[in-house]
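Everything on this sheet refers to the single structure shown next.
Every number here is computed from the coordinates shown, using simple stated rules; none is lab data. Worth saying up front: this structure is predicted, and the values here are computed from it rather than measured. Counting neighbours? That spans all protein chains shown, and the Cβs are built from the backbone with ideal geometry, glycine included.
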Amino acid sequence: MGKIITIPEDKRLLSDETAIDISQLGFHSDYQSLQIIRIYKSTLSLDVVAGGFVSDSREIPHNLKFTPAFFSYIDASIGPLVPNLSNIYQQLGASGVFTNASVTVDNNNVTIFLSTDNPTPDNITETFTYYIFLFSIELERI
Amino acid sequence: MSKLVISKPNISIESARPRDMVFDSNYNYIKIYKIFTGTISSATITLSHNLNYVPLVFGWLKSGTPSSWVMLPYSDGTTKTVYDADVTNIYIRQDPLGSGDTYVVAVAFNRGV
């Protein structure tokens with residue numbers, strides 16, 4: 001059975017007799033490559049009055065017959081969020097704004113959850129930009 | 001030096017940038033070596049990979065009520081779940097231990113370190 005194997009240019013060897021480590025191969029048809037099957041990118045905004053708390057969520061149906069593995073970033077207007085460990089804090093005057101964001105996936109939807117706690121004396125609008133990548137790896141099949 | 005390049009539809013390979021490529025043999029793709037699935041039944045779960053180098057690893061956790069999948073590392077504010085790897089094993093660590101969350105860990109042939 002034939003195979004397709006590629007070697008990145010900077011890893012090519014002058015001698016065919018030297019074995020190359022599979023970790024250095026570009027592509028090997030015996031193994032599944034991590035494939036991105038969907039990319040979602042959009043923005044959401046929260047208007048938070050002075051002293052208030054607001055949360056919101058958005059569900060995006062993915063219409064797949066399985067729960068896909070995924071990776072996400074959420075970029076908030078007051079600072080970038082680390083995926084999942086997503087609590088950030090910004091000092092605004094004498095008080096601070098506390099923000100949460102998370103991305104979860106199940107058999108049906110990708111769900112983005114956002115919240116902002118605004119103890120400042122000013123009304124604020126916080127804007128979130130999310131980037132979500134779904135992979136071909138199955139976490140769970142329906 | 002020959003190479004294999006596939007660009008997106010209607011984009012010439014002569015002008016294509018990396019983001020326009022469907023495939024480019026100049027690059028090292030993430031090749032999945034093994035996928036582990038299980039339940040976190042102890043504070044540390046050890047998964048043997050035996051690659052003799054530290055691989056690139058991705059992890060996900062099914063947690064919460066109703067349960068859904070999150071990326072690792074993850075903290076719900078009370079329970080922290082993280083993972084790390086050495087040349088022999090992957091370790092999933094949960095503190096405090098939950099009530100049997102499900103995990104999926106994808107180990108790539110690619111080197112993590």
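Details
- In this simple spin-label approximation, A:ASP122 and B:THR39 carry label points 7 Å from Cα along the Cα→Cβ vector, and these lie 5.2 nm apart.
- Chain B: relative contact order in percent, alpha carbon pairs under 8 Å with at least 6 residues between: 34
- Placing a label point 7 Å from the Cα of A:LYS11 along the Cα-to-Cβ direction, the residues of the range B:70-113 whose backbone N falls under 11 Å of that point are B:109-111.
- Under-17-angstrom lysine pairs by C-alpha in the protein assembly as shown, whenever the two are 8 or more apart or on separate chains: 5
- Summed residue charge, Cβ within 15 Å of A:TYR131's Cβ, Lys/Arg positive, Asp/Glu negative: +3
- With neighbour counts taken as other beta-carbon atoms within 10 Å, the residues A:MET1, B:MET21, B:MET71 rank, fewest first, as A:MET1, B:MET21, B:MET71.
- Within the protein assembly as shown, the ratio Rg/Rh, alpha carbon atoms throughout and Rh by Kirkwood, equals 1.03.
- Nitroxide proxy distance, nm - points 7 Å out along Cα→Cβ at A:VAL49 and A:ASP30: 6.6
- Counted residue by residue at 0.36 nm each, then reduced by the alpha carbon distance between them, the extension gain from A:ILE142 to A:ASN108 reaches 11.3 nm.
- Taking the inverse of the mean 1/r over every pair of distinct Cα atoms in chain B gives a Kirkwood hydrodynamic radius of 16.3 Å.
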